[in-house]
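What follows is calculated from the coordinates using simple rules that are stated; it is not laboratory data. Owing to the predicted nature of the structure, the values given are computational and were not obtained by experimental measurement. FYI the Cβ positions are ideal-geometry reconstructions off the backbone, even for glycines, and counts take in every protein chain you see.
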Amino acid sequence: MQILENTALKPFHTFGINCNARFLVTIESYTELISFLKTDWNNYPHRMILGGGSNVLFTGDYEGLILRPQIKGIELIEETSETVTVRAMCGEVWDEFVNYTVERGWGGLENLSQIPGNVGACPIQNIGAYGVEVKETIQWVECIELTTLNQVKFWNEECGFDYRNSVFKSSLKGKYLITAVVFKLQKSPALKTKYADVERELEKYEKVDVKSVRAAISAIRWRKLPDPLCIGNAGSFFKNPVISVPHYKEIQEDYPTVPGYPQADAGIKVPAAWLIENACYKGVREGDVGTSPTQPLVIVNYGDATGEEIITFARKIQKQIHEMFGVELEMEVNVV
Ligand code: EPU
C-alpha cells in the first residue's frame, strides 16, 4: 500500500477530467483497510472514498486524500433449492459480478448488465435499469463506521432505498465505508422483460433466459450509451423528475406527447431525456462538452472539458428546462 501524492485522477474516474488528487491510496485487502483506517486516515481532514469513479464529476483538483477500496472476492454463503445468497466484496467490478451470476444461471441482476462501477457503490444510489433496481436483490450491506471502525450490517430495510437514493447518499453520507454487499438471487427467476426496448431486442433470441436478457440489455446499452473508455461521461447526469399530476397535465396541454409514468406514492415520473430533447439540447455540443446524440440524459466530455465547464453546461440545461416546463432537474452525479 502506497500513498501517492499529486496523482492524476483521469484513470480513476469515467468523466475523463484532467485533475489531480493531493493524496491517493488504493487498498486491496480487508486487513490493510482496517490498519489504514486506524492510523493514516485520521491525519487527513479532507478525504473521500472513490469506487469505480463512474458517477462522479471532479470540478477541480482534490486537495485531500482519496481512498480507493479495491478488495475483491465473491463467496456463496447459502444455497437452497430455489435461491443462492452471495457476498461480493466492494472492489469487484459490477459488471464482472453480474456476468459471474448470469453464467451460473442465477437471476436477479441480469437487467443491471453493463452498468459501470464497483459492487461497493451499487447500494449508494440504488442503481437501476430496465425495470429493475438493485434494492430488489440486496439482503444486507456490510460497512465500517468510519469514526468508530465498528463493523455494521445494514439490512435491506435499513438502507432507505429509493429511486437513485439510499441512506448512504443522504442522511448517513460519508459516515460508512461499504466493504461488501450480499445478494439473494433466484435459480428459477421470474424475468423482467416488459420494458419496450427489451421486449423488442429479445425477439432476436431463440430463448428468453438470464443469459439472453443480459445479452439483449448489453446490446441496447452499447447502442445508446456512450462508452466511457471512448468518450468521458458518468451515465445519467440528471435524475428523472417526479412532478405532480396537475403539473403534468399543464405540460401535456402544450406537449400532448410528453411521456409520464405514475408513481406508487403519487406524482408522475417524466423522462429527463424527453425534456432535454424537447428543449433542443439533444446532441448539442459547446466546446468539449455536450449531450449525447443517442441519449441526451448523458453529458459527455469530448476531450479536454473541465469539471467547471460541464457544470456550467448542466446549469444551462436546468435553466432551460425550468423556463420551458417549470421542472427542476436534479443532478444525479456526485459533484466534488
Ligand atoms: N427519451 C427521449 N429522447 C431520447 C432518449 C429517451 O425523449 O433521446 C425519452 C423517451 O420517452 C424514452 C424515455 O426517455 O421512452 C426513457 O428513456 P430510456 O429508456 O433510455 O431511459 P431513461 O429514463 O432516460 C433511465 C436510467 C438509466 C437506465 C435507463 C434504462 C435514470 C436517471 N436513468 O434512463 O440509467 O439505463 O433508464 O432503464 O433513471 C444511469 O443511471 O447512469 C443510467 C444510464
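Brief remarks follow.
- Taking each of Lys192/Lys316; Lys211/Lys239; Lys169/Lys224; Lys173/Lys207; Lys211/Lys282 in turn, the alpha-carbon distance tops 31 angstrom for Lys192/Lys316; Lys173/Lys207; Lys211/Lys282.
- The calculated 222 nm mean residue ellipticity attributable to helices in the chain amounts to -7000 deg cm²/dmol, summing -39500 (n - 2.57) over DSSP H runs of n ≥ 4 and dividing by all residues.
- Among the chymotrypsin sites (Phe, Trp or Tyr not before Pro) found in the stretch 99-187, those both in a DSSP coil and sparsely packed, with 16 or fewer other Cβ atoms within 10 Å of their Cβ, are Tyr163.
- The per residue volume of the convex hull around the alpha-carbon atoms of the stretch 151-240 is 172 Å³.
- Annotation: the antiparallel percentage among DSSP beta bridges lying fully within the stretch 36-142 is about 75.
- For the stretch 3-69, the gyration tensor built on C-alpha atoms gives a prolate shape. Its axis ratio a/c (a ≥ b ≥ c) is at least 1.5, and a/b is the larger of a/b and b/c.
- Summing +1 for each Lys or Arg and -1 for each Asp or Glu among the other residues whose beta-carbon sits under 12 angstrom from that of Glu201 gives +3.
- Net charge contributed by nearby residues that have their C-beta within less than 13 Å of Asp227 (K/R +1, D/E -1): +2
- Charge tally around Gly16: other residues with Cβ under 13 Å, Lys/Arg +1 each, Asp/Glu -1 each, net -3.
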